[in-house]
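Taking it in order: structure first as structure tokens, then the write-up.
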Amino acid sequence: MTSKVMNWLDERLGLTGIYDSVLDRNIPKVNWWFTLGSASLFLVGLQGITGIFLTVYYVPSPDHAYDSIQYIMNGVAYGWLIRGIHHWGATLMVIVVFIHMLRTFYCAAYKYPRELTWVTGVVLLLATLGMGFTGYLLPMNQKAYWATTVGTEIPGTIPIIGPFLTQVLRGGVGISAVTLARFFSLHIWFLPALIALTIGIHMYLIIRLGISYIPTKED
Amino acid sequence: MNEEQKQRYQERYAEEKQKGVKFYPDIIYKDTVVAFGLFILLVGLAIFVGVANEPKADPSDTSYIPRPEWYFLFLFEFLKYVPGAIEWVGAAVIPGVVILVLFLLPFIDRNPNRYWSKRKLAISLMAVIVLGIVALTILAVATTPPQPETDTIAGTITEQIVVGEELYGLHCVECHGPDGEGGEIVGVEGLEGVVVKSISSQDEMYTRSDETFYNVIDYGQPDLGMTPFGRAYGGELGPGAIETIVTFMRYTWDDRVEIPEEAALASAIPALGPDEIPSYEVHVQAIVKRYCISCHRQGKQNNDYFMSTYEEIMESGANAPNVIPGDINSLLLMSIRREEMPGLDPEVGPMPPTKALKEELLEIFRRWVLGGAPNTAAEAEALSPTPESAPPAYPEPEATP
């Protein structure tokens, strides 16, 4: 019976093809440092899931953001756990993605034929930092407010266009409801969409080209 | 990379793949182990470290030292070493170039070798950058001055009520009274004799929203003589602090809201046992905080007697000593008994000025002074008659049938 169902599905979905090309393929023998890419993927997933749960109660307005987080921490069952994982996940993400980049650099994995994998990886590294930067403001506490104040001041130092850039980031002169709305939407729509798309390309390239091997003296 | 080199790489890769392992299960197994480890680590961090509770954002708080997230600290620290006039080079040009180089790395680094010892230039450049980032981050963390004491952060409703009550005692009692009852103001500079309506009445509670209370405390009521308390308008309180006061008022005075049991316990003045000697720490401080501290604290110009600490209560002001342990006619006791005390300079009137303390509170003060005015609970216990120190009790005479 099971095999009948599997055959029916396979005929339509091409499961065997996926199994052969994705799972049942040979890979050079590598060490534990090579798990960091999939660790990043796992963390993205975890951040996504905990983030979705947080949006249930989070209110992106300066009047209520702080209180809604207080409610998540004190009122919602296991809200503190979900927020704790999301909070620390962000820090771990940055570390893991960065070390993943150092590993690919050390192994020269950015060279032929994986140049594009590297380029998409840089996009993902920057998007991760962007997620950290935009997510940091959302709790609307002192640390968040002032970190965003100094963070958005940095582009303001560029001559001529600087003040304009700061205004675009903030949606006005100071940190306001508009800033929070912009950061919130960047954090939950724009950047995740970019990340999902880029991860898709990154993964396609990894499966198509295979992971690099650890170079030896002859390489 | 020329065609020949590409060809050689492909052959080499095919060979490595040949003696390699299967993606499933070998690689998947390793990945799962790492993912599980990270998950446990995160849950552990969430449970045992948690997320630090921070006060609410307060744009008016100029004493707060702004810091970016830790992973941008290196850039922040780096900018400190860039002269102000060319700050934009450090802020935009250098990071921009670094990002561009990072993107174009595969096209810039034309060296066909892959083993580290054959790529010394690339490896050492990256090492310098990474070490620089790590060093700058450590330097930034090490040189970060600690954040100055800011608003008390209150998380749960109970914590908010307790903090709010303390702040209400400090800032509001001198005009609005300990229970928000209002009345004629006595002894407040500029407002002497002004009659304040009750702010704890049912009318007030039913017709004013939390937001209204918040705004009144924040901006004050200039027409009625109430000064602004919000930091943004020249007062002392941040938004978080004002909110705790509103929470305290709502939960304490609004009869439609039930105060959490914990909060009620925390704000009650501890009851005394029949022979127990009260201490400053447990009993007197709680009363002082509610009824006296609003006027009797540092920074108040209209009197020189402060009650913020045990020492101040005993010794501050020109009329000290204010409390003589064992003396029923100590200054403090006579004042709260509302007795005339001629010949003192400065004069001491009946306290609190508008309304006498309740009988049970007077009793706590009386027993405290007579019992030796102990500071801590431990000292009070040592002074209290206990079964051990009391003279041996005679055995109860047996009841005769």
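Quick one: is A:Ser40 polar (S, T, N, Q) and under 17 Å from A:Gly210 (Cα atoms)? Show your work before the answer.
Details: polar (S, T, N, Q): yes; under 17 Å from A:Gly210 (Cα atoms): no.
The answer is no for A:Ser40.
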Report summary line: Selection from segment A:69-82 of residues within 12 Å of chain B (Cβ to nearest Cβ) and either within 29 Å of B:Ile242 (Cβ to Cβ) or assigned to a helix (DSSP H, G or I) (or both) yields A:Ile69, A:Gln70, A:Tyr71, A:Ile72, A:Met73, A:Asn74, A:Gly75, A:Gly79, A:Trp80, A:Leu81, A:Ile82
Query raised in the report: Assuming A:Thr179 fulfils every condition listed in (1) within 22 Å of A:Gly37 (Cα to Cα); (2) touching a residue at least 40 places away in the same chain (Cβ under 8 Å) apart from one, which condition is it?
Result: (1)
Report summary line: Going through (1) touching a Cys at 6+ places or on another chain (Cβ under 7 Å); (2) outside any loop (DSSP other than H, G, I, E, B) one by one, B:Glu311 fails only at (1)
Query raised in the report: Can you pull out the residues in segment A:32-44 that are more than 9 Å from chain B (Cβ to nearest Cβ) and out of contact with any Lys or Arg (no Cβ under 6 Å at 6 or more places or on another chain)?
Result: A:Ser40, A:Val44
Query raised in the report: When you go through A:Val123, A:Val94 one by one, which is the residue that is more than 7 Å from chain B (Cβ to nearest Cβ), surrounded by fewer than 22 Cβ atoms within 10 Å (Cβ to Cβ), assigned to a helix (DSSP H, G or I) and not small (Gly, Ala, Ser)?
Result: A:Val123
Query raised in the report: Residues B:Ala92, B:Ala142, B:Ala135: which one is surrounded by 14 or more Cβ atoms within 10 Å (Cβ to Cβ) and outside any loop (DSSP other than H, G, I, E, B)?
Result: B:Ala92
Report summary line: Exception for A:Thr117 within (1) touching a residue at least 24 places away in the same chain (Cβ under 8 Å); (2) at the interface with another protein chain (Cβ under 8 Å from one of its Cβ atoms) falls at (2)
Query raised in the report: Do we have any residue at all in segment A:141-158 that's among the polar types (S, T, N, Q), surrounded by fewer than 23 Cβ atoms within 10 Å (Cβ to Cβ) and at pLDDT 95 or above?
Result: no
Query raised in the report: Looking at segment B:40-69, which of its residues are among the aliphatic types (A, V, I, L, M) and either without any contact (Cβ under 8 Å) to a residue 12 or more places away in the chain or within 7 Å of chain A (Cβ to nearest Cβ) (or both)?
Result: B:Ile40, B:Leu41, B:Leu42, B:Val43, B:Leu45, B:Ala46, B:Ile47, B:Val49, B:Val51, B:Ala52, B:Ala57
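Quick grid of which residues meet (1) in the same structural domain as B:Glu174 (by TED's automatic domain parsing); (2) crowded, with 18+ Cβ neighbours inside 10 Å; (3) in contact with a Phe, Trp or Tyr (Cβ under 7 Å, 6 or more places away or on another chain); (4) in a loop (DSSP other than H, G, I, E, B):
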site	(1), (2), (3), (4)
B:Met205	yes, yes, yes, no
B:Phe213	yes, yes, no, no
B:Gly235	yes, yes, yes, yes
B:Ile245	yes, yes, yes, no
Report summary line: Of those in segment A:1-25 that are outside any helix (DSSP H, G or I) and without any contact (Cβ under 8 Å) to a residue 12 or more places away in the chain, the residue nearest to A:Gly121 (Cα to Cα) is A:Asp24
**Report entry** Cβ-Cβ under 9 Å pairs, at least 6 apart or on other chains, segment B:343-368 side within 27 Å of B:Ile277 (Cβ to Cβ), far side assigned to a helix (DSSP H, G or I) and among the polar types (S, T, N, Q)
**Finding:** B:Val348/B:Ser335; B:Pro350/B:Ser335; B:Met351/B:Ser335
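Would you say B:Val186 is of a type in the set (Val, Ile, Thr), in contact (Cβ under 8 Å) with a residue 12 or more places away in the chain and either surrounded by 15 or more Cβ atoms within 10 Å (Cβ to Cβ) or more than 14 Å from every other protein chain (Cβ to nearest Cβ) (or both)? Full working, then the answer.
Working: of a type in the set (Val, Ile, Thr): yes; in contact (Cβ under 8 Å) with a residue 12 or more places away in the chain: yes; either surrounded by 15 or more Cβ atoms within 10 Å (Cβ to Cβ) or more than 14 Å from every other protein chain (Cβ to nearest Cβ) (or both): yes.
Taking the combined requirement at face value, the residue satisfies it.
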Report summary line: Across (1) buried (at least 19 other Cβ atoms within 10 Å of the Cβ); (2) more than 7 Å from chain A (Cβ to nearest Cβ); (3) without any contact (Cβ under 8 Å) to a residue 60 or more places away in the chain; (4) not charged (D, E, K, R), B:Ile86 clears everything bar (1)
Requested in this report: Kindly list, by first and then second residue, each pair from a residue in segment A:147-161 that is more than 7 Å from chain B (Cβ to nearest Cβ) to a residue that is part of a helix (DSSP H, G or I) and of a type in the set (Lys, Arg), limited to pairs with Cβ atoms under 7 Å and residues at least 6 apart or on different chains.
Outcome: A:Thr152/A:Arg170
Query - Odd one out for A:Lys217 among (1) facing another protein chain (nearest Cβ under 8 Å); (2) surrounded by 15 or more Cβ atoms within 10 Å (Cβ to Cβ) - result: (2)
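Rundown of residues vs (1) touching a Lys or Arg at 6+ places or on another chain (Cβ under 8 Å); (2) in the same structural domain as B:Phe229 (by TED's automatic domain parsing); (3) at pLDDT below 90, yes/no style:
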| position | (1), (2), (3) |
| --- | --- |
| B:Trp88 | no, no, yes |
| B:Asn113 | yes, no, no |
| B:Ile129 | no, no, no |
| B:Thr137 | no, no, no |
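The values are calculated or read from the model by the stated rules, or taken from the named source; none is laboratory data. Please read these numbers as outputs of a predicted model, since none were measured by experiment. Here the Cβ is made from the backbone with ideal geometry for all residues, glycine too, and neighbour counts use every protein chain on show.
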